[in-house]
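Novice: My questions will all concern the structure given below.
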Amino acid sequence: MKKVAIVGKPNVGKSSLYNRLIKRRDAITSDVSGTTRDVKKGVVTLLEGREFELLDTGGIDYTSELFNRVGDKSMQVANEADIILYMVDGKSIPDDEDKEYFWKLQGLGKPIALIVNKIDNDKENQEKFWEFSEFGAENVFAVSVSHNRGLSPLYKWLEGHIPPNLDYEQLYVEDNDIPLEMLLSEQEEEEEEKAFKVAIIGRVNTGKSSLLNALLKEDRVVVSDVAGTTIDPIDETIEYNDYQITFVDTAGIRRRSKILGIEKYALNRTENMLKDADIALLMIDATVGVTELDERIAGLIDKYKLGALIVLNKWDIRGEKEYKEAIEDVRDELKFLHYAPIITVSAKSGLRVHKILDQIVEIYKRYSQRIPTSKLNEAIKMAIARHHVPSHNGQVVKIKFATQFATKHPRIALVVNKPNLLHFSYKRYLTNFLREQFDFEGVPIELFAQKRGERNEEEESI
């Protein structure tokens, strides 16, 4: 059995990576430098029965007699291992000592990877990747072990260096060609991130800034009847039920023919901001109803696959329209946001504004949820039993199995014998069926049909 050693300086996350790979909390982790002093050992099993012995070492640190011995032992373990994972702290700048240790281990001629830990988002990934390129490592993986982010490429690299177990018997469930390992060896759940972004979008003068002030319970944003008062997106963060919610009040959007001067830049900045948002609050003026421009703005939510809550504002001065009629009008005009809940409020008087916070927290939970593969396949089997997959010109189309490969927003891969022949209407049926089985209110779902063995490009974002 091959040996894989995790080495690096103290407090970079080696024990956390060890626990993540062996899928249990075996090594003690803490912020205290030098917590791990002895070598921890465990066996990891990858696809096709690939097994290796994983070694968690103490931090390489030569600042005291005790740490000297720990450092020497760590380097000895690395020398005896078949594969080396050298871990560094991505929150800090590249360290000269780290480079020396890495180059020394690289000189052993063994497979070695540089693991840049604590990279919690795409922005840090882009910035830090180039900083650590000065190590000259051929294999660099930017990860966040605590958030289970970026580990998929590392698994794939390890699979390339660990031979499959020839005695491993791959089992299948019934005739669906589902490897049992996919049902039993679920990916460890991602730890829920407690921080997310909410964009407040809508036409000019729908009350976006008034709503933000009401949510913050302070006059943070200038409110005026003059259309176009807000130009720059305004960021404001609050703590609510252990969540850190960042609201962004965006400039009101006009018809393109009426966008003047600096508002053109405001529109571009609004779109750029939506790329980083998780949830959108779509503001609709209840005294006007849904306009053609509202539909176009709602299209941005669909474009960027955001969680959504439709906020029907100015409900206290709406006129004679009843609740049921108003909701039906919105649903009729915004059919593609059928999954988004609707709330009626008055940002000015504060009517029902407090309920928005609870709604967006629940939407975010659904936006970031992962459905276990076993439960997902049970639901797909039920859907097929209720309504069989249509054949195409006599060709049988068969869905082998399904797996969710990404969250925020949920994306699901359907492994199909003839993916090009799976009709879009059937995919829509499956999407709606999954909405019935699992709580996806306020959240877009995407289904991708592919052949067995294909890897969806977006899978790298896991």
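Quick note: the coordinates plus some simple rules give every number you see, no bench work behind them. Only a predicted model underlies this, so the values are computations on that prediction, with no experimental measurement involved. Counting neighbours? That spans all protein chains shown, and the Cβs are built from the backbone with ideal geometry, glycine included.
Novice: Would you list Val7, Val70 from fewest to most Cβ contacts within 10 Å? Walk me through the numbers before you get to the answer.
Specialist: On the way: Val7 27, Val70 22.
Ascending Cβ contact count within 10 Å gives the list Val70, Val7.
Novice: Which one, His388, Tyr323, Ile342, is farthest towards the positive end of the dipole of the range 291-416 when Lys and Arg carry +1 and Asp and Glu -1 on their Cβ?
Specialist: It is His388, whose Cα lies furthest towards the positive end.
Novice: Only counting other Cβ atoms within 10 Å, I'd like Glu271, Glu328 sorted with the fewest neighbours first.
Specialist: Fewest-to-most ranking of Glu271, Glu328: Glu328, Glu271.
Novice: Can you list residues from other chains, or at least 5 along the same chain, whose modelled amide H is less than 5 Å from the amide H of Ala449?
Specialist: Leu414
Novice: At a Förster radius of 35 Å, what calculated FRET efficiency corresponds to the Cβ-Cβ distance of Asn68 and Lys194, to the nearest 0.05?
Specialist: On the way: r = 39 Å, r/R0 = 1.13.
Computed FRET efficiency for Asn68 and Lys194 comes out at 0.35.
Novice: Then there is this: Report the gain in length on full extension from Lys355 to Lys3: 0.36 nm times residue separation, minus Cα-Cα distance, nm rounded to one decimal.
Specialist: Working: separation 352, 0.36 × 352 = 126.72 nm, distance 5.37 nm.
Once the chain is fully extended between Lys355 and Lys3, it gains 121.3 nm.
Novice: Now a separate question. For a 18 Å ceiling on Cα separation, which of these pairs sit above it: Lys217/Lys408; Lys208/Lys305; Lys40/Lys104; Lys305/Lys400; Lys217/Lys355; Lys2/Lys156?
Specialist: On the way: Lys217/Lys408 29 Å; Lys208/Lys305 21 Å; Lys40/Lys104 23 Å; Lys305/Lys400 27 Å; Lys217/Lys355 14 Å; Lys2/Lys156 16 Å.
Violating the 18 Å limit, Cα to Cα: Lys217/Lys408; Lys208/Lys305; Lys40/Lys104; Lys305/Lys400.
Novice: Can you compute the FRET efficiency between Phe438 and Ser133 using 1/(1 + (r/R0)^6), with r the Cβ-Cβ distance and R0 = 60 Å? Round to the nearest 0.05. Don't skip to the end; give the middle numbers.
Specialist: Values: r = 41 Å, r/R0 = 0.69.
For Phe438 and Ser133, the calculated efficiency is 0.90.
Novice: Which residues does the label zone of Arg331 cover in the range 414-430, counting backbone N under 20 Å from a point 7 Å along Cα→Cβ?
Specialist: Zone members listed by number: 428-430.
Novice: What full-extension length gain, to one decimal in nm, is calculated for Asp82 and Thr291 as 0.36 nm per residue of separation minus the Cα-Cα distance? All intermediate terms of the calculation are to be shown ahead of the outcome.
Specialist: Values: separation 209, 0.36 × 209 = 75.24 nm, distance 6.45 nm.
Result for the pair: 68.8 nm of gain on full extension.
Novice: Could you give me the ³J(HN,Hα) list for the range 427-438, computed from phi with Karplus coefficients 6.51, -1.76, 1.60 and θ = phi - 60°, whole Hz, x at Gly and Pro?
Specialist: 3J(HN,Hα) across the range 427-438, in whole Hz: 4, 5, 4, 4, 4, 5, 5, 5, 5, 5, 7, 10.
Novice: How large is ³J(HN,Hα), in whole Hz, for each residue of the range 96-108 in order, when computed from phi with the Karplus curve 6.51 cos²θ - 1.76 cosθ + 1.60 and θ = phi - 60°, using x for Gly and Pro?
Specialist: Result, ordered by residue: 4, 5, 4, 4, 4, 4, 4, 5, 5, 6, 5, x, 6 Hz.
Novice: No solvent, one uniform scatterer per C-alpha: report log10 I(q)/I(0) for the range 352-462 via the Debye equation at q = 0.11, 0.13 1/Å, two decimals.
Specialist: Computed log10 I(q)/I(0) values: -0.38, -0.51.
Novice: I'd like the Karplus ³J(HN,Hα) series for the range 235-243: coefficients 6.51, -1.76, 1.60, θ = phi - 60°, whole numbers in Hz, and an x wherever there's a Gly or Pro.
Specialist: Couplings: 9, 8, 10, 10, 9, 8, 6, 6, 9 Hz.
Novice: Taking neighbour counts of Cβ atoms within 10 Å as a proxy for exposure, in what order, fewest first, do Trp130, Trp157 appear? It would help to have the intermediate numbers written out before the result.
Specialist: Details: Trp130 8, Trp157 16.
Lowest count first: Trp130, Trp157.
Novice: Assuming R0 = 41 Å, can you tell me the calculated FRET efficiency for the pair Glu53 and Lys365, based on Cβ-Cβ distance, to the nearest 0.05? Let's see the in-between values first.
Specialist: Values: r = 38 Å, r/R0 = 0.92.
E(calc), rounded to 0.05, equals 0.60.
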